[in-house]
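The values are calculated or read from the model by the stated rules, or taken from the named source; none is laboratory data. Computed from a predicted structure; not experimentally measured. Positions of Cβ are generated from backbone atoms using ideal geometry, with glycine treated the same way; all protein chains shown enter the neighbour counts. Side chains included, ligands, DNA and RNA excluded: accessible areas come from the protein's heavy atoms. Shrake-Rupley method; radii C 1.70, N 1.55, O 1.52, S 1.80 Å.
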Amino acid sequence: MRVWQTVIAPSAAELCPPAAPQPVQLVLVFGSVARFDRPGFAEALAAAHPGALLAGCSTAGEIVGDRVLDDSCTVTAIGFDRGEVAAAEADIASIAESGQAGEVLGKALAARPGLTGVLLFAPGVAVNGSALIDGLVDCLPAGVPVSGGLAGDGGAFVRTLVLGPSGLSDGRAVAVGFYGGSLQFGLGSVGGWEPFGPARKVTRAVGNLLLQLDGEPALNVYKRYLGDYARDLPASGLLFPFELLNGNHDSVGLIRTILGIDEDAGGLVLAGTVDEGYYLRLMHASTDGLVDGAEQAGAIAAAGEAEASRTEASQAETGDRLALLVSCVGRKLVMGDRVEEEVQAVADRLGPGTVLTGFYSYGEIGPMRDMLDCRLHNQTMTVALLTER
């Protein structure tokens, strides 16, 4: 596997990606909404990489190497020695159609034999990310790893874009399927947030709309805990997500971010689904805690890839390794000027010979404690390490 990477700086007047020195099968593209909106954006990419599959999304910040950029565009072209890729697309006209869209993607990818992994990119607004992922995973063969993320728009939460074979769209999800035994994935997803305050029972919720906690309007409870921060809702909600707990008040390994508020219903719009009967507890974070979590995510991904490679001991690794890093915009806000430290922690853990790309998102797609149980995460650093052997 060979990887070539181009960064279009914020000061660049237009997108002019150079062609890769060798034919490539996949091009991953991440950039700001302003970059994606430039006339001829998708056409320029296709012209630079004829015959390659294009996939990616708009962001709340771009990750390249050990750097974090804003208003840039990163283009990562990948050529495989033996592995192959194919894409599926599905429109999402309304939030209620998220699960059905996931099923369309899963059935399309599973129809081709030899599926070894999936990267999913979807809109970051007007979507139920949990339902989308569940629909996808339910239609895939057992044990296929899934990673990716929900698009961003710099923290505005208004309009996000996804790039696929059909071009750009603000209402379409794209899934890239990887085929062939030579391609191997290692996945890791860790938060680094700390819980505080009491656990409160979800007494009413509809999909990703949280309406009541302990029988009281959820928005009232949340505002009471936030104090002065409540004046800045919904933006301040990124700083104080929820930890999801089971009936025994044990963590289930999921965090839910507040994306919006519904004053009339007294509810909170979350990035993913919560079910009635579960419990929620507020969380906060320090930069050091988030950096430690990112390093753990990198270590878990590297360990998973190493474990997979042991099953192919007779085959030597060739070429580059590619790491896709998807981190939450809330982490970026907490860390501020120190945000690059979490990316550097992952880069140090993965070591030389690994090309890093990725973005800051409105939801991360990755494993739970069981590495094959894919869910929508919030406030995590999620790492997908791809190698070819």
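Annotations
- Of the strands (runs of 3 or more DSSP E) lying entirely inside the range 242-286, the ones with 2 or more residues being at pLDDT below 90, open to solvent by less than 40 Å² (accessible area, probe 1.4 Å) and in contact with a Pro (Cβ under 8 Å, 6 or more places away or on another chain) are found at 258-262.
- Tally of residues being under 15 Å from residue 121 (Cβ atoms) and either small (Gly, Ala, Ser) or buried (at least 23 other Cβ atoms within 10 Å of the Cβ) (or both) across the range 87-105: 8
- Residue that is surrounded by the most Cβ atoms within 10 Å (Cβ to Cβ) [pool: residues in the range 155-165 that are assigned to a loop (DSSP other than H, G, I, E, B) and of a type in the set (Gly, Ala, Ser)]: 155
- Across the range 105-143, the qualifying residues are those that are within 23 Å of residue 359 (Cβ to Cβ) and in a loop (DSSP other than H, G, I, E, B), and the one among them that is farthest from the chain's Cα centre (by Cα) is 126.
- Residues that are in contact (Cβ under 8 Å) with a residue 24 or more places away in the chain and open to solvent by 20 Å² or more (accessible area, probe 1.4 Å), drawn from the range 355-380: 355, 368, 369, 371, 372, 375
- Residue list for the range 180-207, restricted to those being under 26 Å from residue 346 (Cβ atoms) and in contact with a His (Cβ under 9 Å, 6 or more places away or on another chain): 189, 191, 193, 194, 195
- Scope the range 65-95; condition in contact with a helix residue (DSSP H, G or I) (Cβ under 9 Å, 6 or more places away or on another chain), in a strand (DSSP E or B) and closer than 30 Å to residue 337 by Cα; matching residues: 67, 68, 73, 75, 77
- Considering residues of the range 304-324 that are assigned to a helix (DSSP H, G or I) and open to solvent by less than 60 Å² (accessible area, probe 1.4 Å) only, the residue modelled with the lowest pLDDT: 309
- Flag if residue 224 is more than 25 Å from the chain's Cα centre (by Cα) and in contact (Cβ under 8 Å) with a residue 24 or more places away in the chain: no
- Criterion: open to solvent by less than 30 Å² (accessible area, probe 1.4 Å), among the aliphatic types (A, V, I, L, M) and in contact with a Leu (Cβ under 9 Å, 6 or more places away or on another chain) - qualifying residue of 168, 187: 187
- Beta carbons closer than 6 Å, at least 6 apart along the sequence or on distinct chains, pair a first residue in the range 320-342 that is touching a residue at least 40 places away in the same chain (Cβ under 8 Å) and β-branched (Val, Ile, Thr) with a second that is in a helix (DSSP H, G or I) and surrounded by fewer than 24 Cβ atoms within 10 Å (Cβ to Cβ) for 339/332.
- Hey, residue 152 in contact (Cβ under 8 Å) with a residue 12 or more places away in the chain, in a loop (DSSP other than H, G, I, E, B) and touching a Phe, Trp or Tyr at 6+ places or on another chain (Cβ under 8 Å) or not: yes
- All told, residue 141 meets the bar of being without any contact (Cβ under 8 Å) to a residue 40 or more places away in the chain and in contact with a Leu (Cβ under 9 Å, 6 or more places away or on another chain).
- Selection of the range 5-63 for residues being in contact (Cβ under 8 Å) with a residue 12 or more places away in the chain, more than 16 Å from residue 169 (Cα to Cα), in a loop (DSSP other than H, G, I, E, B) and open to solvent by 50 Å² or more (accessible area, probe 1.4 Å) yields 10, 14, 16, 18, 19, 21, 22, 23, 25, 51.
- Residue list for the range 109-121, filter: in contact (Cβ under 8 Å) with a residue 60 or more places away in the chain and either among the hydrophobic types (A, V, I, L, M, F, W, C) or under 21 Å from residue 97 (Cβ atoms) (or both): 109, 115, 118, 119, 120, 121
- Among the residues listed as 234, 217, the single one being open to solvent by 30 Å² or more (accessible area, probe 1.4 Å) and within 27 Å of the chain's Cα centre (by Cα): 234
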